[in-house]
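The values are calculated or read from the model by the stated rules, or taken from the named source; none is laboratory data. Only a predicted model underlies this, so the values are computations on that prediction, with no experimental measurement involved. Note that we place each Cβ from the backbone using ideal geometry, even for glycine, and neighbour counts take in every protein chain shown. All accessible areas refer to the heavy atoms of the entire protein, side chains included, with ligands and DNA or RNA removed. Shrake-Rupley method; radii C 1.70, N 1.55, O 1.52, S 1.80 Å.
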Amino acid sequence: MRRAIRSLWKTKTFSLVAIVTLAVGIGATTAVFSIVDAVLLKPLPFAAADRLMTLAGTNVKRAINGAPFSHPAFLELTSRDRLFSGLAAFTSDRFNVTGVDRPEQLPGARVSAGFFAVLGVDPAVGRHFTQAEDAPGGSAAAIIGRRYWMQRFNGAPSVVGETLALNGSPYTIVGALGIDLPPPFDDVDVWTTRVDEMSSLTRQQIRGGLGYLSAVGRLKPGVSIGQAQAEVDAIARAYARANPTNTDADPDASLHLTPIRDRTVGDSTSALMVLVAAVGLVLLIACANVATLLLVRGTARAHETAVRLALGASRADLLRWLCGESLAIALAGGVAGVFIASWGVALASAALSGLPRGSQIAVDRRVLIFSLGVSMATGLLVGLAPAVRAMQQQAGDALKLAGRGAVVRRGAGGRVLVIGEVALSLMLLVGAGLLLQSFARLLRVELGFEPRGLVTMRISLPTSKYADPAAMRSFFARVMTTIDATPGVASAAAAMALPPTLTVMAPYLSADQPVVGIGERPVGQWSGVTPRYFSTMGIAVVAGRTFTERDDEQAPLVCVISRGLARRQWPNGNALGKKLLVGKASGFAEVVGVVSDVKNNGVSSEPMVAMYTPYAQRPWPAMQLVVRASGGDPLSLVGAVRAAVAAADRDQPISQVATMEGALSDSIASARLTTALLASFALMALVMAAAGLYGVVAYSVEQRTREIGVRVALGANPRAVLRLIAAEGVRLTVGGVAAGTAAAVLVSRAMNGLLFGVSAVDPFTYLAVVILFAIVAGIACLVPARRALRVDPLTALRAD
């Protein structure tokens, strides 16, 4: 190895280029592995995680998956199941913390008493919940998350026994977690019991079958997922038959079992696999580039190799020498690559935090071991072809040609590597081009509302304090009146849900259709809104009118529907004046208006049909405020909104403050990250492929210096010489482009799930990529070709 390092030190330029090339490939690979390791590979912090399942609502006929289910359905499940050793329900909740300098709202969760025991997670201090604390009327207990424990209590063990005022009631802290749980249990600061006492739902809604729960279960040893799923399906069918008037009594609905790791990862797997494939191509291109450099260097050093053979060196000695050089280059590239990966992960930390377990992404020991392994494998890979060629060399032949300075052997190895580089980089460019087109269309998609100038925030009224619908109406009426009078506010409103998020789903039935069970009715998004909601959001009114203050609890029931719902229910008629039963309303509401569809199911998905009812007629405790600024930064209005809320109730906080543009940007953060990374990898690949092409053509010019000199001396036209040299690069480029295009057509179909509004075989993208590559390849070939024109015939002939 010492001889190999000394040899590399003598050719510093070559060594630096090779190390930098491999550093880029290994660094990118290490960075992506650190992401994949944290998200997909690291063990979950649960005991026997392979037997943990999450349960969520599913309905194949309605294309519903991952939906919440009701408390009565959970009770039916726990009373009849035989194949789980433990089952626990959980649901997100929000708790207003009072008795502090300024009220704050904590993200929380309500869980069954056995929740942490089912997961196999013990508190760092304190204990689990007891069954008595989960029973109606039991003592109010809380377990706090690691983040809140550190922020408010500095991680002190004495936190056990402290009291928190949550939603106006005292809760005793009985434990604190020492770890951050992965999705779907992340972003929770406080855990409490009694899932049937949701802060934002009434008892009537909970008992009536409103879906708001998920569950986690631990399979008994020896029980398969298929067996448990069959049992759960049978229980779900029995529940639907026994509770026909409940909202969720759908005979086609069930609960789907999902392994906890799959639920934790969510839908990020496909995007990560695309990045793994992309970075693998980058590393292969880097290896091909360095292997080409080593082949060229090996040809130029043929005399040195021949001398070593002639002096008695064995071919095994040559193999150790050459492989030692390539390993030294790869290890140096690996060390530099780790620094590149660390810098890249730190630079992208904000974007990575949105991934499942994104906070755990780091270049740690596992990643360093991976990087070492990649470096060793890369060293062997790039050194294989040069070593094999050197071992095939005959010492006598090399020494006979020593006077010419090199063995002029024009093998096909380097050309094959360059064709491979071109093909692989073209595949990456096609993938990046498709994602860039897709992302550009996401940015230009018609939202159905105007996001600029809007600031949003959440208000969750605890039903323990606002159990009376009149109290809810009064609170929001006072708040909205104060906000509307605030200087700088153009308009303000409140709604149960804001796009692009899909929240409350409700069944509906028109009066001109046969009456069917509530579980068999179609569903759509339902949102109660205050009168100026549509004008504040900039949602166009297609027909009729929107709500006014006169649409109060004393007035006849009315609703506004989306254009999609109007077309679905009354495709050949006017929807205005029709009657619609929304959810479990007390009666049919008259359709008084039709508004445009909005992106309420994610920016990249088709809008769900929507129904809107006046807030005064159907109050809801958890609402989103939306305020449009008359000019300037909408975030500057947050202080005035907070003051208006405090004036109505000094213990009521606001939370989740964001601009609408920011919320939309966050909703496509994963697509943005995937596109940016793939585009970066494609750019690296393009540069390396161009460098490899340049190297082969430049070396060809050097080897054919005498031939070019003779041609020029005999009066060859400069253009003919230019064509002669350029033809080498053209052949390599055409071969690589042809192979790469064919491979891209096959491979890009796997990206369909990541694309929006663009086909995986979009001809414009392929044409643009081929043109781009042709331009870059032309430049890479032109430089050495122009150098060939400057060859002095006398110098070239004298060198012979």
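Every residue in the range 139-160 that is within 31 Å of the chain's Cα centre (by Cα), open to solvent by 30 Å² or more (accessible area, probe 1.4 Å) and within 17 Å of Val121 (Cβ to Cβ), please.
Arg146, Arg147, listed by residue number.
State yes or no: is Arg563 more than 30 Å from Ala236 (Cβ to Cβ), under 33 Å from the mean Cα position of the chain (by Cα) and without any contact (Cβ under 8 Å) to a residue 40 or more places away in the chain? Lay out the reasoning, then the answer.
Details: more than 30 Å from Ala236 (Cβ to Cβ): yes; under 33 Å from the mean Cα position of the chain (by Cα): yes; without any contact (Cβ under 8 Å) to a residue 40 or more places away in the chain: yes.
It is true that Arg563 is more than 30 Å from Ala236 (Cβ to Cβ), under 33 Å from the mean Cα position of the chain (by Cα) and without any contact (Cβ under 8 Å) to a residue 40 or more places away in the chain.
What are the residues in the range 215-266 that are more than 26 Å from Leu181 (Cβ to Cβ) and of a type in the set (A, V, I, L, M), if any?
Ala230, Ala234, Ile235, Ala236, Ala238, Ala240, Ala242, Ala249, Ala253
When Val504 is evaluated against the numbered criteria (1) open to solvent by less than 10 Å² (accessible area, probe 1.4 Å); (2) under 36 Å from the mean Cα position of the chain (by Cα), which criterion, by number, is the only one it fails?
Going through the list (1) open to solvent by less than 10 Å² (accessible area, probe 1.4 Å); (2) under 36 Å from the mean Cα position of the chain (by Cα), Val504 breaks only (1).
Testing Glu446 on (1) touching a Pro at 6+ places or on another chain (Cβ under 7 Å); (2) modelled with pLDDT under 95, one condition comes back false. Which one is that?
The one condition Glu446 does not meet is (1).
Considering (1) over 28 Å from Tyr466 (Cβ atoms); (2) crowded, with 23+ Cβ neighbours inside 10 Å, say which one Trp191 fails and leave the rest.
(1)
Restricting attention to the range 525-535, report how many residues are farther than 13 Å from Val595 by Cβ and either part of a strand (DSSP E or B) or not basic (Lys, Arg) (or both).
We begin by selecting, within the range 525-535, every residue farther than 13 Å from Val595 by Cβ; these are 526, 528, 530-532.
Filter once more, keeping what is either part of a strand (DSSP E or B) or not basic (Lys, Arg) (or both): 526, 528, 530-531.
Of the residues in that region, 4 qualify.
Pick out the one residue from Ala485, Ala495, Ala511, Ala490 that is within 23 Å of Pro68 (Cα to Cα) and small (Gly, Ala, Ser).
Values: Ala485 fails: within 23 Å of Pro68 (Cα to Cα); Ala511 fails: within 23 Å of Pro68 (Cα to Cα); Ala490 fails: within 23 Å of Pro68 (Cα to Cα).
Checking each option against the conditions leaves just Ala495.
Just to be sure I understand, how many residues within the range 196-227 are more than 20 Å from Met505 (Cα to Cα) and buried (at least 19 other Cβ atoms within 10 Å of the Cβ)?
4
How many of the residues making up the range 441-455 are of a type in the set (A, V, I, L, M, F, W, C) and either assigned to a loop (DSSP other than H, G, I, E, B) or within 18 Å of Leu683 (Cα to Cα) (or both)? Give the derivation first.
Step one: of the range 441-455, the residues of a type in the set (A, V, I, L, M, F, W, C) are 442-443, 445, 447, 449, 454-455.
Filter again for either assigned to a loop (DSSP other than H, G, I, E, B) or within 18 Å of Leu683 (Cα to Cα) (or both), leaving 445, 447, 449.
Final tally of qualifying residues: 3.
In the range 122-148, what residues are over 15 Å from Val188 (Cα atoms), part of a loop (DSSP other than H, G, I, E, B) and not basic (Lys, Arg)? Please lay out each step first, then the result.
Filtering the range 122-148 down to residues over 15 Å from Val188 (Cα atoms) leaves 122, 124-141.
Still in the list and also part of a loop (DSSP other than H, G, I, E, B): 122, 124, 127-130, 135-140.
Residues satisfying the conditions are Asp122, Ala124, His128, Phe129, Thr130, Ala135, Pro136, Gly137, Gly138, Ser139, Ala140.
Any idea which residue in the range 250-272 is nearest to Gln227 (Cα to Cα), counting only those that are part of a helix (DSSP H, G or I) and either of a type in the set (Gly, Ala, Ser) or free of Cβ contacts under 8 Å to residues at least 24 places away in the same chain (or both)? Steps first, please.
Narrowing the range 250-272 to residues part of a helix (DSSP H, G or I): 260-272.
Filter once more, so that each one left must be either of a type in the set (Gly, Ala, Ser) or free of Cβ contacts under 8 Å to residues at least 24 places away in the same chain (or both): 262, 266-268, 270-271.
On the way: Asp262: 19, Gly266: 23, Asp267: 25, Ser268: 28, Ser270: 28, Ala271: 31 Å.
This residue is Asp262.
Quick one: which residue in Val345, Val338, Val363 is more than 14 Å from the chain's Cα centre (by Cα), in a helix (DSSP H, G or I) and closer than 30 Å to Val188 by Cβ?
Values: Val338 fails: closer than 30 Å to Val188 by Cβ; Val363 fails: in a helix (DSSP H, G or I).
Matching residue, one of Val345, Val338, Val363: Val345.
List the residue pairs whose Cβ atoms are under 6 Å apart, where the first residue sits in the range 50-74 and is aromatic (Phe, Trp, Tyr), the second is part of a strand (DSSP E or B), and the two are 6 or more positions apart or on different chains.
Pairs that qualify, where the first residue is aromatic (Phe, Trp, Tyr) and the partner is part of a strand (DSSP E or B), are Phe69/Gly57; Phe69/Leu213; Phe74/Ala89; Phe74/Leu213.
Which residue, of Arg478, Arg473, Arg458, is touching a residue at least 24 places away in the same chain (Cβ under 8 Å), among the basic types (Lys, Arg) and not in a helix (DSSP H, G or I)?
Values: Arg478 fails: not in a helix (DSSP H, G or I); Arg473 fails: not in a helix (DSSP H, G or I).
Testing whether each residue is touching a residue at least 24 places away in the same chain (Cβ under 8 Å), among the basic types (Lys, Arg) and not in a helix (DSSP H, G or I) leaves just Arg458.
Would you mind telling me which numbered condition in (1) among the aromatic types (Phe, Trp, Tyr); (2) farther than 30 Å from Ser604 by Cα; (3) at pLDDT 75 or above Tyr699 fails?
Exception for Tyr699: condition (3).
Give the number of residues within the range 742-794 that are modelled with pLDDT under 80, open to solvent by less than 70 Å² (accessible area, probe 1.4 Å) and over 12 Å from Ala726 (Cα atoms).
The qualifying residues number 2.
How many of the residues in the range 424-448 are farther than 30 Å from Gly564 by Cα, open to solvent by 10 Å² or more (accessible area, probe 1.4 Å) and among the hydrophobic types (A, V, I, L, M, F, W, C)? Break it down stepwise before answering.
Going residue by residue through the range 424-448, those that are farther than 30 Å from Gly564 by Cα are 424-433.
Imposing the further condition that a residue be open to solvent by 10 Å² or more (accessible area, probe 1.4 Å) reduces the set to 424, 427, 429, 433.
Among the residues that remain, those that are also among the hydrophobic types (A, V, I, L, M, F, W, C) are: 424, 427, 429.
Counting residues in the range 424-448 that are farther than 30 Å from Gly564 by Cα, open to solvent by 10 Å² or more (accessible area, probe 1.4 Å) and among the hydrophobic types (A, V, I, L, M, F, W, C) gives 3.
Please specify each residue of the range 161-211 satisfying the condition of being more than 22 Å from Val121 (Cβ to Cβ) and among the small types (Gly, Ala, Ser). Lay out the reasoning, then the answer.
If we filter the range 161-211 for residues that are more than 22 Å from Val121 (Cβ to Cβ), which is where we start, we get 163, 165, 167-170, 196-211.
Listed by number, the residues that qualify are Ala165, Gly168, Ser169, Ser199, Ser200, Gly208, Gly209, Gly211.
What's the number of the condition Pro621 fails, among (1) modelled with pLDDT under 95; (2) open to solvent by 10 Å² or more (accessible area, probe 1.4 Å); (3) under 30 Å from Lys579 (Cβ atoms)?
(2)
From the residues in the range 172-185 that are free of Cβ contacts under 8 Å to residues at least 60 places away in the same chain and open to solvent by 30 Å² or more (accessible area, probe 1.4 Å), which one is farthest from the chain's Cα centre (by Cα)?
Let us first name the residues in the range 172-185 that are free of Cβ contacts under 8 Å to residues at least 60 places away in the same chain, namely 172-178.
Narrowing the set further to residues that are open to solvent by 30 Å² or more (accessible area, probe 1.4 Å) leaves 172, 178.
On the way: Thr172: 37, Gly178: 27 Å.
Among residues in the range 172-185 that are free of Cβ contacts under 8 Å to residues at least 60 places away in the same chain and open to solvent by 30 Å² or more (accessible area, probe 1.4 Å), the one farthest from the chain's Cα centre (by Cα) is Thr172.
(1) modelled with pLDDT under 65; (2) crowded, with 16+ Cβ neighbours inside 10 Å; (3) not small (Gly, Ala, Ser): which one isn't true of Val290, the others all being true?
All conditions are met except number (1).
Can you say whether Gln554 is open to solvent by 20 Å² or more (accessible area, probe 1.4 Å) and either closer than 29 Å to Leu664 by Cα or assigned to a helix (DSSP H, G or I) (or both), as far as the supplied structure shows? If you could, list the steps in order and put the result at the bottom.
Numbers: open to solvent by 20 Å² or more (accessible area, probe 1.4 Å): yes; either closer than 29 Å to Leu664 by Cα or assigned to a helix (DSSP H, G or I) (or both): no.
It is false that Gln554 is open to solvent by 20 Å² or more (accessible area, probe 1.4 Å) and either closer than 29 Å to Leu664 by Cα or assigned to a helix (DSSP H, G or I) (or both).
Here are some conditions: (1) at pLDDT 90 or above; (2) in a strand (DSSP E or B). Ala506 meets all but one. Which one does it not meet?
Ala506 satisfies all of (1) at pLDDT 90 or above; (2) in a strand (DSSP E or B) except (1).
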